[in-house]
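The next block holds one structure in the form of structure tokens; read it before the comments.
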Amino acid sequence: MKRYFLLLGIVLVTGTLMVISAGCGGSGTTTDTTAPAGNTTGTQGGAQKSASVTIENFAFVPPTITIKKGGTVTWTNKDSAVHTATADGGDFDTGDIKQDQSATLTFDKTGTFSYICTYHPNMKGTVIVE
Ligand SMILES: [Cu+2]
């Protein structure tokens, strides 16, 4: 009986140590670099720091994104045609984005910025900076 409890004690201690070390390792190695990949949550409540927009089939996807002030937006062009993301009011312009290339801009001003592609003005998008 005593041996059983001793074994149980060792198992408990070992288990606790593993939990502690796992907890430390987990919080210490968390990286923010993978966050932008989850851009599908852009329409939910809290604005994310940064967002990604895919340009494909002559459209910005998603057409409207919301980010926090000081955050970035990355546009990636999946079309063979060259596109731009150019603000209507001249607040920003990515310049030409060729196929499989991307451009990232930082937004330091709050507001709602609608933009188009200068080559295809029917392509419309909006960046909301909160
Ligand atoms: Cu275009």
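State whether one or more residues within region 33-51 are surrounded by 17 or more Cβ atoms within 10 Å (Cβ to Cβ), outside any loop (DSSP other than H, G, I, E, B) and modelled with pLDDT of 95 or more. The answer is yes; a qualifying residue exists.
Report, by residue number, each residue of region 102-120 that is open to solvent by 50 Å² or more (accessible area, probe 1.4 Å) and within 16 Å of ASN57 (Cβ to Cβ). Once the filter is applied, which keeps residues that are open to solvent by 50 Å² or more (accessible area, probe 1.4 Å) and within 16 Å of ASN57 (Cβ to Cβ), region 102-120 yields only TYR119. Residues that are within 12 Å of the ligand (Cβ to nearest atom) and among the hydroxyl-bearing types (Ser, Thr, Tyr) were ranked within region 66-101; the one that is least open to solvent (accessible area, probe 1.4 Å) is THR84. Identify all residues within region 100-122 that are of a type in the set (A, V, I, L, M, F, W, C) and more than 19 Å from the chain's Cα centre (by Cα); write none if there are none. Matches in region 100-122: ILE116, CYS117. Of the residues making up region 65-98, those that are assigned to a loop (DSSP other than H, G, I, E, B) and not charged (D, E, K, R) are GLY70, GLY71, SER80, ALA81, VAL82, THR84, ALA85, GLY89, GLY90, PHE92, THR94, GLY95. The set of residues in region 57-97 that are without any contact (Cβ under 8 Å) to a residue 60 or more places away in the chain and of a type in the set (A, V, I, L, M, F, W, C) comprises VAL61, VAL73, TRP75, ALA81, VAL82, ALA85, ALA87, PHE92, ILE97.
The values are calculated or read from the model by the stated rules, or taken from the named source; none is laboratory data. What you see is a predicted model, and the numbers here were worked out from it, not measured in a lab. Here Cβ is always computed from backbone atoms with ideal geometry, including for glycine, and neighbour counts include all displayed protein chains. These accessible areas exclude ligands, DNA and RNA; they are computed on the full protein's heavy atoms, side chains included. Shrake-Rupley method; radii C 1.70, N 1.55, O 1.52, S 1.80 Å.
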